[in-house]
Amino acid sequence: MKIHLMKKAVMWLLASAGAMIFASQAHAVSCTGLAEWNASTAYNGGAQVKELNKAYTANWWSQGHSPASYSGQYQEWTLLGTCDGATSSAASTSSKASSASVVSSVASSAKTSSSSSSVVTGGSCTSPQYVAGTSYAAGQLVQNLGNEYSCTIAGWCSSPSAWAYAPGSGSAWTQAWAQVRSCSAASSSVASSVASSSKSSVASSVASSTSSSGSSVSNGLPKHALVGYWHNFDNGSGLIQLANVDATWDVIVIAFADDAGNGAVKFTLDPALNKAQFIADVAAKRAAGKKVVLSFGGQNGTVTLNNATNVANFVSSTNAILNEYGFDGIDIDLESGAGVSWGAPVVTNLVTAIKQIKTTHPNLYLSMAPEHPYVQGGYIAASGIWGAYLPLIDGLRNELTILHVQLYNNGGLATPYSNSALQAGTVDMMVASITMLIEGFPIANNTTWVGLRPDQVAIGLPSGAQAANSGQATTADIAKALNCLTKLTDCGTVKPKAAYPTFRGVMTWSINWDVRDGRPFSVPVRASLNALP
């Protein structure tokens, strides 16, 4: 369905319901050796800088966003303190002094160079599993990722934004939790061999990039990947045995799972395919280094996620499918038919459900394929479907492998770089759409959406004229867009702030249509990906 651009809509405050927001606390810190923030420098997660006589640490990759302006809740910088030893006016009152000292000590330990600090003693690893959005009190124990943690700041511990505060993995988890012990051993120590100029906590280092333009987190993928959807149905393109999908494709997305009601999902092969053979083919593809994932959604796809019972059924049924078929993970391709809109329960419940699935499948591959109004559309409106995926992406940015927004069947793209909508299939539209996803963009509710790592982003295009009603790009223009994004060459009027050599690649709908048409998409696009730095 083609969706036309809207004028800016009524502003809607982007805030996680139930999250407790505390005033930023600034503490006296030493700024010796810290470089002044530079707008042209790309900073990795954990990098520390100073600006306006205050010290900051990057929560994730950042470029061009001033720490002084982007250190609020859910933004990419965290204020460590003032450089002159004087307590900032933003410091907490005496009623919060004990909490402030905890945060100060955590920040201090994160800056210690080449040291090893013992884990806080205590705990018995019998505490409950951490669940984002649960109300936690200071001192309460939880388990996550094989370790036990104690809550230090109740409001942050209780935040639904696990990407920021999930103990052991969130970009700012050390501001909310203290590790008590490893549950795999009687005692352990947390290595904090962290250079003060470039790294922070272990969790931040894992989530961050390590090159000047953001290094790649491989997730078992090649540096530049080709992703394609494989039809579990014949829509005119024909059925293809999974074994016959050639090695050009790095990720094969199986379309689609079905809604079984009350939160449960199911997957049923087309009657023309043999289930035992299909499962064997999945195993063979994985053995060959390919990823095979199951997609939820599509044009008519739905899930039912309105309450806790739905979530439990979704989690258990998805786990069962992953185990039975051997899939590497899941892809979220839900649209308005599934009720995805601002404030809809399906958004927050998907975040909760996927995090629970990841506890039993820690190497879960997760991708998303929303249409562009659901993501970049937040630039022009923040209501209904416009930008509705942004809270979902934020809630799962630590778990997300690739976001490949669909640049087809939806008309032009409104961006901060042009006064008019950029036309589908053009180099400018492809480059602008990805630049927004990496560098961030203002949302039409007076907030700013923070970008993803370059390796978490891919271009989503149709494979040919029969695959979609619009959005087709020539393979020559695709090559130019890839060069622009990774090398700053062959750009049109839109040019990123920096080259992103770890940009992940290209997704297409569909493998079936590409094969039916004689592979005019996959062969040249694969060659272009192989030629990238």
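The values are calculated or read from the model by the stated rules, or taken from the named source; none is laboratory data. Just so you know, these numbers come straight off a predicted model, no measurement behind them. Here the Cβ positions follow ideal geometry from the backbone for every residue, glycine too, while neighbour counts run over all protein chains shown. SASA here: full protein model, heavy atoms, side chains in, ligands and nucleic acids out. Shrake-Rupley method; radii C 1.70, N 1.55, O 1.52, S 1.80 Å.
Observations on the model:
- Mean separation of Cα contacts under 8 Å, 6 or more apart, over the residue count of the stretch 320-424: relative contact order %: 27 percent
- Counting only protein heavy atoms and using a 1.4 Å probe, the accessible area of TYR417 comes to about 90 Å².
- Carbon and sulfur %, accessible surface of the stretch 394-533 computed with the full protein complex present, 1.4 Å: 48 percent
- Computed over protein heavy atoms with a 1.4 angstrom probe, the accessible surface ordering of TYR70, TYR389, largest first, is TYR70, TYR389.
- From phi via Karplus (6.51, -1.76, 1.60), per-residue ³J(HN,Hα) for the stretch 343-349 in Hz, x at Gly/Pro: x, 6, x, 4, 5, 5, 6
- Take LEU532: with every protein chain present and a 1.4 Å probe, its accessible area is about 20 Å².
- Cross-linked pairs LYS355/LYS495; LYS50/LYS487; LYS266/LYS355; LYS223/LYS487; LYS285/LYS487: Cα-Cα separations exceed 26 Å for LYS355/LYS495; LYS50/LYS487; LYS285/LYS487.
- Approximating the spin labels as points 7 Å out from Cα along Cα→Cβ, the ALA421-to-SER470 distance works out to 0.6 nm.
- Relative contact order, percent, the stretch 425-533 [alpha-carbon distance under 8 Å, six or more residues apart]: 31 percent
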